[in-house]
Amino acid sequence: MSKKRLIISAVIFAIVIAALLVGIFLTNDPNHVEEETIQEVMKDAVLHEHVKISLFGIKDVNPGLIAGFIVTGIMLTFAIICRIFVIPRFKLIPGKFQLVLETAVGLFDGTAKSNSPHKYRLLRLYMFVAGSYIFVGTLFELLGVQAISTTGKPISLGAPLSDINGAIMMGCTTYLFLLFNGLFVNKVRGFFGVLKDFSLPISMSLRLFGALLSGALVTELVYYYTMTRFIIPVLVGIAFTVLHALIQAYVLTMLVSIFYGEATEPHEKKEKVKKVKKNKKELSSEVA
Amino acid sequence: MGNLPLNIDIQQVLLHLLNFTILFAGMYFILYKPVRKFMDAREEHFKQLEEEAKGKVEEGEKAKVEYEERLKNADSEINAKKEQAGKETFAERERIITAANEEAAKIVKKAKEKAQSEHDRILSDAQKEIAEIVNEATEKIVLDSKLDTYDQFLNAAKKEGNDE
């Protein structure tokens, strides 16, 4: 492309952008009042008191649950396609897609082995599924899948774990996973070892909820005001969605592997040290 | 249940759990297990290849050590064999010489004996003949006085030569 042509293209692009911006601001009604205030929007994003979706007419649920179902559907569909069309054609020397699948499946092997060298098979499976769910679920927010709320308004579905119920489920499931594996491997000692960390499900749940909700809240905030609807969402989308997807998947899987390693660590019996009772005379002589 | 803070709904938590359980089972059976199975099989395959290669390398090492050992011993072995062969050759030579000497001695002895017997026979024959000639000559001298003794002898000798 010649320099002249490049300049002409850049000028045309700038004119188009400027015209669009002028159009957007001119058509913006200054007297328009949002139906909901920013406070209400934020509060609803956290509590989901008003924005609910009907679950097949059985129950009104938070959008996060519907998002969770859709994410599961996407993941299972992907898995089925891979199972039918890709896995039977696996080769000894992997191709690109096979390499991606194998890397995804074996991604947590190293972490699982290093944190729990004595027992890690179930751990790496749990880490794979939980990590994938958090990662895909968080990225799902970027798709902006629309749903109709019970009030008849269209809403954009967020990450399943930005719903407090989803985050609680993940935290508690992880805790129960650790608890029962501790029980199976180290019997009562392992069970009580995990049980004493009773704050773990709360901290895990709230960490997930807080982290993923913050992304949703910032996105809501950015899209609420007309001025911030340009360029900023690109940065916000990356910072609060893609990075959160990676970070939260990493944090949860790391925590699971560390606690799992502790819960299933083989217990070594300590030799009892015989306490020699010293009589008063000996003690007094020593003191002297 | 409705009074829980942050609008927490246990029923929805359980629905999330149901969703996650389905996902867990589905991902395990549909994706994770087959991929892991393939990866393990491949790992096993390469492990087997590695073991085979290791075995072959070990075999090669053993053979190398063995051949080096053999090579080391080859000189001494060759010398020993040379010595042995020398000894055997010497012994054979001695045996052959001894046998030849014995044979030669036998032949010589036999020849000597034969020569001796021939000599004796010729001598006795000659003696006999001489005695006969002498007798004949004596007879002729005695009986035939006309003939000269010398001529008679010459005639007798001539006759003897013709006979031979």
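Okay, here's what the table says:
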{"item": "Total residues in the range A:122-134, condition surrounded by 17 or more Cβ atoms within 10 Å (Cβ to Cβ) and closer than 23 Å to A:HIS267 by Cβ", "result": "3"}
{"item": "Subset of the range A:48-71 (residues that are without any contact (Cβ under 8 Å) to a residue 60 or more places away in the chain and facing another protein chain (nearest Cβ under 9 Å))", "result": "A:GLU49, A:LEU55, A:LYS59, A:VAL61, A:PHE69"}
{"item": "Qualifying residue in the range A:85-101 (condition: at pLDDT below 90, among the β-branched types (Val, Ile, Thr) and under 24 Å from B:ILE22 (Cα atoms))", "result": "no"}
{"item": "Filter pass, A:THR174 being more than 10 Å from every other protein chain (Cβ to nearest Cβ), crowded, with 22+ Cβ neighbours inside 10 Å and assigned to a helix (DSSP H, G or I)", "result": "yes"}
{"item": "Of all residues making up the range B:1-34, the number that are assigned to a helix (DSSP H, G or I) and either charged (D, E, K, R) or within 60 Å of the chain's Cα centre (by Cα) (or both)", "result": "1"}
{"item": "B:ASN7 being polar (S, T, N, Q) and more than 9 Å from every other protein chain (Cβ to nearest Cβ)", "result": "no"}
{"item": "Which listed residue, of B:ASP120, B:ASP125, is closer than 21 Å to B:PHE153 by Cα and in a helix (DSSP H, G or I)", "result": "B:ASP125"}
{"item": "Residue within the range A:72-92 that is more than 7 Å from every other protein chain (Cβ to nearest Cβ), in contact (Cβ under 8 Å) with a residue 40 or more places away in the chain and not charged (D, E, K, R) present", "result": "yes"}
{"item": "Flag if A:LYS119 is in a helix (DSSP H, G or I), of a type in the set (D, E, K, R) and surrounded by fewer than 19 Cβ atoms within 10 Å (Cβ to Cβ)", "result": "no"}
{"item": "Criterion (away from chain A (no Cβ under 11 Å) and assigned to a helix (DSSP H, G or I)) met by exactly one of B:LYS37, B:LYS87", "result": "B:LYS87"}
{"item": "Residue in the range B:43-50 that is more than 14 Å from chain A (Cβ to nearest Cβ) and farther than 30 Å from A:VAL46 by Cβ present", "result": "yes"}
{"item": "All helices (runs of 4 or more DSSP H) inside the range A:191-268 with 3 or more residues being among the small types (Gly, Ala, Ser), closer than 19 Å to A:ASN62 by Cβ and at pLDDT below 85", "result": "A:200-224"}
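Okay, residues lined up against (1) loosely packed, with under 15 Cβ neighbours inside 10 Å; (2) assigned to a helix (DSSP H, G or I); (3) over 28 Å from the mean Cα position of the chain (by Cα):
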| site | (1), (2), (3) |
| --- | --- |
| A:GLU40 | yes, yes, no |
| A:ILE66 | no, yes, no |
| A:THR77 | yes, yes, no |
| A:CYS82 | no, yes, no |
| A:VAL86 | no, yes, no |
| A:PRO94 | no, no, yes |
| A:VAL100 | yes, yes, no |
| A:GLY110 | yes, yes, no |
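The values are calculated or read from the model by the stated rules, or taken from the named source; none is laboratory data. Predicted model, so just to flag it, every value in this text is computed and none were measured. Methodologically, a virtual Cβ is constructed for each residue, glycine included, from the backbone with ideal geometry; neighbour enumeration extends over all protein chains shown.
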